[in-house]
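So the structure is just underneath, and the comments pick up after that.
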Amino acid sequence: MAAEKLALAKAINASLRTAMENDPKVIVMGEDVGKLGGVFRVTDGLQKDFG
């Protein structure tokens, strides 16, 4: 199976999402993390889905 090509921000978002789905102890902390997903949208949708 071929690997899907993603932009860096989307790949990071997908990785964070996978980690948060698999382990309820995973949290995201940092500057510019929130509803809007940060400047590069790295955390886009995570707050909506995980709180």
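The values are calculated or read from the model by the stated rules, or taken from the named source; none is laboratory data. Computed from a predicted structure; not experimentally measured. Glycine also receives a Cβ, built like all others from the backbone with ideal geometry; neighbour counts cover every protein chain displayed.
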Practice problem: Return the pairs, sorted by first residue and then second, in which the second residue is surrounded by fewer than 11 Cβ atoms within 10 Å (Cβ to Cβ) and not hydrophobic (A, V, I, L, M, F, W, C), the first residue lies in the range 19-40 and is without any contact (Cβ under 8 Å) to a residue 24 or more places away in the chain, the beta carbons are less than 9 Å apart, and the residues are 6+ apart or on different chains. | Solution: Glu21/Asp49; Lys35/Lys48; Gly38/Gly30; Gly38/Glu31
Quiz item: Mind checking whether some residue in the range 7-28 is modelled with pLDDT under 90 and in contact with a helix residue (DSSP H, G or I) (Cβ under 8 Å, 6 or more places away or on another chain)?
Solution: no
Self-check item: Subset of the range 24-51 that is in a helix (DSSP H, G or I) and surrounded by 10 or more Cβ atoms within 10 Å (Cβ to Cβ) - its residue that is nearest to the chain's Cα centre (by Cα)
Solution: Leu46
Quiz prompt | Every residue from the range 6-23 that is closer than 13 Å to Asp49 by Cβ and either surrounded by 15 or more Cβ atoms within 10 Å (Cβ to Cβ) or over 11 Å from the mean Cα position of the chain (by Cα) (or both) | solution = Asn13, Leu16, Arg17, Met20
